[in-house]
Amino acid sequence: MSISKQEIIELLNTENSQAQELRKKAYKIKSDTIGKNVYLRALIEFTNACEKDCYYCGLRKSNADVKRYLLSEDEIFDLAMFAHENKFGSIALQSGEVLDKNYVKNFGKLLAKIKQKTNNNLRIVLSCGEQSKEVYKHWRECGGDRYLLRIETTNPKIYEKIHPNDDKHNFQARLDCLQHLRDVGFQVGSGMMVGLPYQNLEDIADDLLFLKEFDIDMCGLGPFIEHSKTPLYEKRNEIPSRDKRLQLALNSVAILRMLMPDINIASATSLDALAKNGREQGILAGANVIMPNITPERCRESYNLYERNIAITKKNVAKELEKFGEQVCWGKFGDSQHYRNRK
Ligand code: 5AD
Ligand code: SF4
């Protein structure tokens, strides 16, 4: 479906019964296109080490309050087997940005081992930031199936304001990474934060149109949540209220579903930071993927991109969704239908 930028701006801003109508419409499009299905990705936050310094993120290098951890290869492998045995269908390996050559090589080996030991019956989603095209190619050949790299914002001026101004944080480099991921054959996911400082409705509309234009296969988008140990905390009074950010993020999910009926859309954990049933609301607005967290509990409070209540990471979101009449697809890969159609 094509929707004009002006219409998107109006839809983003809808509230109450009008917003409910928008989300119902998106939910119907999802049900008609890919069914009332919710796919699972067992989330493994395997290290919170990060070489970057994004102004919004609690894991930024300059935040000395974070206790850094790295799970051992054996531990990651065991978690992958746990996910396989418990029929999650996919795992999502998420980390900060680590570029060390040894790490990159060993990580490839680990991916190959997971693939082999599960007889290719487990999909691997990677979310490990910006890497060279060679690294992406290597990881893809080792067994990575999908890659998530949020563009964060498509307005280069905002991008510059929410990142340090150096080579490590470059808008064009990030765009190039998305293209490289596509070139080496990943199912490619992107997305953005909604309710950022400096961002207006037009920016969010541009972000949504970018996802359509780039023809992404999957999306993860969520509300921005201020974190007291980051520079952007200063701007906390210059952003929409928590409820408005929740509504904007849910409207964004719904609009994206209308723009791209057959992609996979994750219902972001950050939605749960703004409402008890945030992720359920995301599914009812048109998302079709959830990522239950299986990271060992001792690590969870050290993986704070934004300040989150640890209880959120323990919520049994699959069970909650069944109460809403959703079909939670245990044992299914849940590949992006859009990727299949694109190929
Ligand atoms: N609020 C919301 N999302 C955040 N992320 C990082 N910091 C925050 C925050 N303060 C998101 C970014 C990143 C993903 C891993 O987490 O979009 O891509
Ligand atoms: Fe690192 Fe990602 Fe956080 Fe930026 S958003 S500081 S790259 S973990």
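Every number here is computed from the coordinates shown, using simple stated rules; none is lab data. Here the structure is a predicted model, which means the values were calculated and not measured. Neighbour counts are summed over all protein chains in view; Cβ atoms, including those assigned to glycine, are modelled from backbone coordinates with ideal geometry.
The figures follow:
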| item | result |
| --- | --- |
| Backbone HN-Hα couplings from phi across region 69-85 [Karplus 6.51/-1.76/1.60, Hz, Gly and Pro as x] | 9, 9, 5, 6, 4, 4, 5, 5, 4, 4, 5, 4, 5, 4, 5, 5, 4 |
| Reference-scaled alpha-carbon Rg (2.2 N^0.38 Å with N residues) for the chain | 0.92 |
| Computed helical MRE - 222 nm, the chain, DSSP H runs ≥ 4 contributing -39500 (n - 2.57), nearest 500 | -13000 deg cm²/dmol |
| Local net charge near Glu280, Cβ-Cβ under 13 Å (Lys/Arg +1, Asp/Glu -1) | +2 |
| Environment charge at Gly143 (Cβ cut-off 9 Å; Lys +1, Arg +1, Asp -1, Glu -1) | +1 |
| Compactness index (Cα Rg / 2.2 N^0.38 Å), region 36-163 | 1.12 |
| DSSP bridge orientation in the chain - percent antiparallel, rounded to nearest 5 | 5 |
| Highest-first arrangement of 253-263, 237-247, where packing means the average Cβ count within 10 Å | 253-263, 237-247 |
| Whole-percent pair-distance distribution, where bins are 10 Å wide, for the alpha carbons of region 39-95 | 23, 40, 27, 10 |
| Under-5 Å amide H pairs with Val328, H placed in peptide plane, nonlocal only | Val38 |
| Kirkwood-type radius of region 1-40, with distances r between different C-alpha atoms, in Å | 11.5 |
| Under-5 Å amide H pairs with Arg123, H placed in peptide plane, nonlocal only | Ser90, Ile91 |
| 11 Å beta-carbon shell around Arg340, net charge (K/R +1, D/E -1) | -1 |
